[in-house]
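The block underneath contains the structure these notes are about, expressed in structure tokens.
Every number here is computed from the coordinates shown, using simple stated rules; none is lab data. Keep in mind that what you see is a predicted model, and the values were worked out from it rather than measured. So basically every Cβ, Gly included, is an ideal-geometry build from the backbone, and we count neighbours across all protein chains shown.
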Amino acid sequence: MMRSPVSPRPPQLAAWLAAARLRGDEREFQLGDLEEEFADRAARDGVAAARRWYWRHAFRNLLTRGGRGRFARATPVPHPSPGDLMRSIRQDFSFAFRLMRRAPVATLAAIVTFALGLGANIAIFSVAWPVLFAPLPFADEARLTVVQLIFTRGGRSFPNNVSPGDYFDMRKATSFERMASYNQFVSQVNLTGHGDAMQVRLNSVNDDFFTVLGVRPIVGRPLQSGDAEAPAPVAVLKEATWRRVFGADPAIVGRTIALDGDGYQIVGVLPDSAGLGTRDADVWIPRAQPPSNIRRAYFLGVVGRLKPGVTLDAANQELAAIMRGAAREFPDSNRDVSAAAFSFREQLTGPVRQTFLLLVGAAACVLLIAALNLAGLQVARSLQRGREMQIRLSLGASRSRVVRLLVVESVVLALVGGFAGLWAATAMIASLRSLAPALVWSTSSVLSSTTVLTFTALLSVFSGVIVGALPAWRAARPRGSLAVQTRDVTLGRAGTRARASVVSLQVGVTVVLLIVASLVSISLLRVLRINPGFDLSRSLVANVSLPGGKYSSAADRTRFFDTYVERLAAIPGVEAACATNDIPLDNPGANMTFVADGSTALVGSNPKTVTPGCFATMQIPILQGRGFSARELEPVAIVSARMAAALWPPASEQAPDAHAASVIGRKIHLGLPAGDLLTVVGVVPDILNVSLESRAERQVWLPHSFGYFPPERVMVRTSVPAEAVAPAMRSALRELDPSLALARVRTMDEVVATATASRRFVLVLFAAFALVALVLSAVGIYGVLAHVVGQRSREIGIRLALGARRGAVTRLIVGHMAIAIAAGAAAGVLVARLMSTWFASLLFRMSATDATVYAGVVGFVGLIAVVAAWAPTRRAARVNPVSALRAD
């Protein structure tokens with residue numbers, strides 16, 4: 001095989017030492033003189049002698065500043081002025097744009113690659129920055145804490161809400177500057193007097209709540225001490241409600257609004273972030289401190305602000321000591337109960353921090369693959385422009401000037417690609433925010449355009465410099481006069497290994513992303529295939545809240561819902577209708593205790609109050625006994641299978657069905673052993689109430705006619721598109737009571753989508769990143785092989801002319817790439833296994849090291865690699881020896 005002669009190169013470390021103390025205006029000239037002398041000595045005395053000579057002069061330059069000796073320039077080049085430098089840089093940018101126009105295909109490929117890599121990072125930055133890094137909208141957030149009770153059961157500890165009595169004890173802690181509480185249960189109330197009735201969320205907080213958080217009002221003032229005892233009830237509005245309902249009227253302060261028929265005077269408007277990290281609401285009202293003797297009623301959330309200089313550990317030690325005293329004083333309620341304060345920010349971001357960090361890492365991997373592709377493209381272009389660079393150097397251009405020219409070209413491409421990626425990312429951000437988990441403020445915190453533009457520009461410039469630096473350095477190396485007259489035929493071992501390493505790295509990163517995306521997607525499919533124990537397909541649900549003053553008795557509420565459900569059932573297209581206190585998968589779940597008659601064991605359960613048609617509407621079968629009738633003569637209940645087993649544990653040999661039948665007619669107490677007595681009249685299957693991923697909860701179903709937990713939701717099953725009956729539902733409610741609002745009308749499909757939003761968010765992003773990585777890797781494999789074939793076409797022609805078989809030539813061309821792809825896939829599998837503990841929390845009922853998924857991803861990546869390599873391989877096999885030899 002013929003090769004162009006290559007002059008030996010001086011030792012790189014010695015060259016670096018030689019240049020260490022040279023002035024910038026002399027460095028290139030002296031190093032060039034040293035290199036020419038090195039080449040002459042290597043030809044005359046041998047490479048070893050030339051290396052020894054070069055090392056001596058490298059140390060001489062290092063020890064004598066300026067290299068005063070035979071290689072010192074007689075006439076120093078004047079330092080360029082700032083104006084000259086700026087003109088030179090403008091020329092580089094102008095030349096870069098001209099070069100882009102001369103090579104439109106290569107330019108478009110580079111811009112699209114930059115846009116894909118940078119766009120992914122811009123999108124995830126816009127969503128993740130407010131969650132992970134942006135400061136909270138509270139003054140001195142580092143001192144903000146969340147205070148919770150810590151229960152210990154069976155050697156395990158878990159946090160819990162706070163009772164009024166425990167909150168009274170906690171306020172004795174001197175480590176806190178202030179402490180405040182809020183209600184963990186938000187009420188739905190009807191706002192009237194502003195067009196049609198509308199439903200808003202109402203929460204009650206104590207006077208110090210907004211002072212502890214450090215919230216500054218937009219208009220008016222926050223709630224303050226004494227508001228709870230004011231003669232006229234007062235309230236503050238959330239900014240979004242103020243803008244949506246009242247048109248951002250600055251004169252809102254002092255006006256009175258009607259909530260469930262009661263008047264409240266508005267004293268201020270607070271920013272949307274006011275309820276961040278707590279139970280957010282549209283309207284807040286003051287709440288008087290409940291009696292300190294109320295314990296075992298855990299409905300308070302507590303926030304505290306530490307005193308300056310007090311650490312979290314010191315505060316927790318004091319809280320633990322206070323709760324030990326409470327346990328001695330109230331052993332029945334406070335045994336095995338402690339308390340602890342947690343960082344407000346950690347409590348807010350903790351549930352999603354790991355997920356967002358993984359997504360940031362995935363976006364960075366996409367950018368890495370794009371950078372590797374572009375670096376390969378730049379190397380290829382620099383090889384094609386090798387003669388141009390050598391001519392520039394021969395005509396007196398410094399290496400730094402050539403490097404800067406090539407880096408500027410890369411930066412220009414990156415900036416154009418970055419702003420193309422910004423356009424694509426902007427279109428994605430709205431969708432990402434709608435999918436983002438609702439428990440963080442990413443959906444309400446929007447980065448400014450300046451911040452996003454600055455990030456885009458900085459990341460683009462950084463990427464352009466990184467991508468262009470190595471190719472520029474390689475292209476700017478002097479190669480002697482022969483390099484100006486000839487071109488390289490092959491890349492050499494170092495270049496071949498570098499290309500193989502790039503392909504391996506691309507394939508490895510792609511395999512990791514695809515494995516994670518595949519595991520997450522399979523997990524989501526498994527979640528969606530779970531049988532929740534009910535069927536609400538083709539169903540519509542909505543909120544209806546009855547004012548306590550107007551519907552004060554159980555009889556009034558029963559009469560209203562019986563009438564409204566009857567009218568709903570009469571709407572054309574409605575097959576069944578009912579009312580209930582909550583909808584499965586649409587609430588955080590409330591718990592209450594029940595006690596089997598004759599026992600003292602408290603059994604927790606999720607209570608559901610329903611009208612008689614709910615079991616038919618939700619398609620829940622009655623396993624034993626009967627459902628509810630329109631008028632029950634005595635308090636009755638229906639229990640789920642798990643609840644029946646918990647109340648009356650079956651004998652191990654007893655069949656489940658026989659046990660279910662045996663509980664019919666038994667009695668349970670509501671709340672405590674002395675609570676109201678209910679007769680069990682039926683048994684139904686367990687259902688998933690909080691989420692599709694949780695274990696089925698114990699359920700107790702109660703008829704709405706007895707007034708326990710009044711209904712607040714209605715649902716209809718339809719034979720027509722569910723959305724089509726919503727106007728008729730509103731009309732029926734308006735006719736029945738125009739002061740009530742039908743709120744949050746939604747299909748059950750929307751409820752399920754909300755319940756699985758966090759999984760969908762992760763899946764969409766990982767799938768998008770994996771797809772982009774796969775495309776970029778395929779393009780990279782194609783580009784590398786296409787360039788290899790183009791560069792080695794003369795060599796291929798010579799081999800074929802000398803009698804080599806085309807199959808052997810093809811194997812020679814693709815052999816190194818096949819090994820690189822296999823090595824990259826193996827490395828990707830290994831890295832994914834090592835990282836499995838990081839993303840295991842994203843999975844549902846499957847192993848993070850599932851061998852089937854790993855094998856499937858490797859096979860798929862291999863197939864894509866074969867497709868990408870097909871065209872260059874065919875071109876190599878079809879090289880015409882005569883044409884290849886004449887081309888030179």
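Binning all Cα-Cα separations of segment 141-349 at 5 Å, short to long from zero, yields these whole-percent fractions: 1, 7, 15, 18, 18, 14, 11, 8, 5, 2, 1, 0. Backbone phi angles across segment 551-566, fed through the Karplus curve with coefficients 6.51, -1.76 and 1.60 (θ = phi - 60°), yield HN-Hα couplings of 10, 7, 9, 4, 5, 4, 5, 4, 4, 4, 5, 4, 5, 5, 4, 4 Hz in residue order; Gly and Pro are listed as x. Counting only Cβ charges, +1 for Lys and Arg and -1 for Asp and Glu, the dipole size of segment 551-736 around its Cα centre is about 160 debye.
When the charge dipole of segment 141-349 is built from unit charges on Cβ atoms (+1 for Lys and Arg, -1 for Asp and Glu) and taken about the Cα centre, the candidate among 149, 167, 226 whose Cα reaches farthest toward its positive end is 149.
Close amide H partners of residue 666, meaning residues 5 or more places away or on another chain with modelled amide H under 5 Å apart, are 680. Express in whole angstrom the spacing between the alpha-carbon centres of segment 724-747 and segment 509-578. Their Cα centres are 16 Å away from one another. Mean sequence separation of contacting Cα pairs (under 8 Å, at least six apart), scaled by the length of segment 551-736, corresponds to a relative contact order of 36 percent.
Which of the residue pairs 550/608; 238/608; 172/238 have a Cα-Cα distance greater than 25 Å in the structure shown? In this structure, 238/608; 172/238 lie more than 25 Å apart at Cα. Each residue of segment 623-628 is assigned a 3J(HN,Hα), and the resulting list reads 6, 9, x, 9, x, 7 Hz, derived from the Karplus form 6.51 cos²θ - 1.76 cosθ + 1.60 (θ = phi - 60°), x at Gly and Pro.
Along its three principal directions, the equivalent ellipsoid of segment 529-608 from the Cα gyration tensor extends over semi-axes of 27, 22, 12 Å, largest first. Calculation over all alpha carbon pairs of segment 214-293 in 5 angstrom steps from 0 returns a P(r) of 3, 15, 26, 26, 18, 8, 2, 1, 0 percent. Estimated translational diffusion coefficient (Stokes-Einstein, Kirkwood radius over Cα pairs, 25 °C, 0.890 mPa s) of segment 208-256: 205 µm² per second.
Our coupling estimate for segment 168-179, obtained by passing each phi through the Karplus curve with A = 6.51, B = -1.76, C = 1.60 and θ = phi - 60°, is 4, 5, 4, 5, 7, 5, 8, 6, 9, 5, 8, 9 Hz, Gly and Pro reported as x. In the calculated pair-distance distribution of segment 551-736, the portion above 24 angstrom amounts to 40 percent of the Cα-Cα pairs. Note on residue 667: aspartates and glutamates with a C-alpha under 16 Å away, same-chain residues under 8 apart excluded, are 597, 632, 634, 676. Each of 309, 297, 286 was scored by the projection of its Cα onto the charge dipole of segment 141-349, and the greatest displacement toward the positive side belongs to 309; charges sit on the C-beta of Lys, Arg, Asp and Glu. Quote the relative contact order of segment 141-349 in percent (integer), defining contacts as alpha-carbon pairs under 8 Å separated by 6+ residues. Reported relative contact order: 36 percent. Backbone amide hydrogens, once placed in the peptide plane, bring residue 585 within less than 5 Å of 690, excluding anything fewer than 5 places away on its chain.
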